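Trainee: Structure in structure tokens, see below.
The values are calculated or read from the model by the stated rules, or taken from the named source; none is laboratory data. Owing to the predicted nature of the structure, the values given are computational and were not obtained by experimental measurement. As a convention, Cβ positions derive from the backbone with ideal geometry for all residues, glycine included, and neighbour counts pool all protein chains shown.
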């Protein structure tokens, strides 16, 4: 006699016609009186939808439940069954660093600036740490914060952990009388003229055992290539840069107009007066020239290129010889021109962000120390009025 094929997933028939449901559909017997339910699950399984009151278990495709008295139960678990399971969460090293920074700065804003993260990201990390530990670590007061007793204890332990991690990082680093750490810093000749020199001098006083190898490149594109190829660990560069790189903002530098002596322009000079002005510009096709042309297009002006060259010395001679005006950083004007040119601010003021960029990989301890030093020691350049 031919029988229809058993549908996929249907329970297999036992000899004699009885059905045995899969283990997931069995209806276990309740625990006897006086026994405690295991903490990992309920005492009763959910009644299958196919088994209704008044319906036999065989019709529902289930095996009848055995006599509860004949069932051998596992040993009872003592204690009350927890209502909610809270997994044990371990704070991350980033959370520990953020909390220590808050303890040092006594403010969320200052701590975020010291560790180069957004204020909202630091706040979320600390709040998540408080939620995981189940205690309050910070007491908010106006614009500042104080450590609670639990927070002070966590900070002491966090400093111990972070010091141990730094000690582990030092394993494999040569030590001794002649051992010195080193890293390579790449930058442009303009930034190397004053900012890089000032930062390196202050860093060397604080870290005399670290050597900095300074590389100079004419364009930001060359700096990015040095970082991606691993030939430089850090780059001091105008921002923004390629999104594949990590950046740390340092300061904003004022961009001014440098003109030959006797140029008839007001001070400060409106941006619209750049239209038709003879100017010394980088050569076409370079990254800096492309940025300047985009800026001129946004301003709705079109200067007249009187000299197109990439060498910084030629820029200086082009202005002093009366060939045209130049857009450059105020910080380098005094060293490059002295009193041989006229300097004017723009209205509204033009500010350019400068920062440190590096590839998205683990940095050496010396490089991390330089980033922290640059964030604390770099002066903020305000436009002169």
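Trainee: Within region 300-328, count every residue that is closer than 22 Å to residue 350 by Cα and at pLDDT below 90.
Mentor: 2
Trainee: I would also like to ask the following. Within region 90-106, work out how many residues are under 19 Å from the mean Cα position of the chain (by Cα) and not in a loop (DSSP other than H, G, I, E, B).
Mentor: 10
Trainee: Go through the residues of region 285-296 one by one and say whether even a single one is in the same structural domain as residue 257 (by TED's automatic domain parsing), assigned to a helix (DSSP H, G or I) and closer than 20 Å to residue 194 by Cα.
Mentor: yes
Trainee: Additional query: Mind listing just one residue for me: the one in region 139-169 that is in contact (Cβ under 8 Å) with a residue 24 or more places away in the chain and within 26 Å of residue 367 (Cα to Cα) and, of those, surrounded by the fewest Cβ atoms within 10 Å (Cβ to Cβ)?
Mentor: Residue satisfying both the conditions and the ranking: 166.
Trainee: Please return the ranges of strands (runs of 3 or more DSSP E) entirely within region 172-265 where 2 or more residues are surrounded by fewer than 18 Cβ atoms within 10 Å (Cβ to Cβ).
Mentor: Because the criterion is at least 2 residues that are surrounded by fewer than 18 Cβ atoms within 10 Å (Cβ to Cβ), the strands (runs of 3 or more DSSP E) in region 172-265 that meet it are 181-187, 210-216, 245-259.
Trainee: So how many residues does region 130-167 have that are in a helix (DSSP H, G or I) and in contact with a strand residue (DSSP E or B) (Cβ under 8 Å, 6 or more places away or on another chain)?
Mentor: Residues that pass the stated criteria total 3.
Trainee: Another one. Can you pull out the residues in region 116-126 that are touching a strand residue (DSSP E or B) at 6+ places or on another chain (Cβ under 9 Å) and assigned to a helix (DSSP H, G or I)?
Mentor: 126
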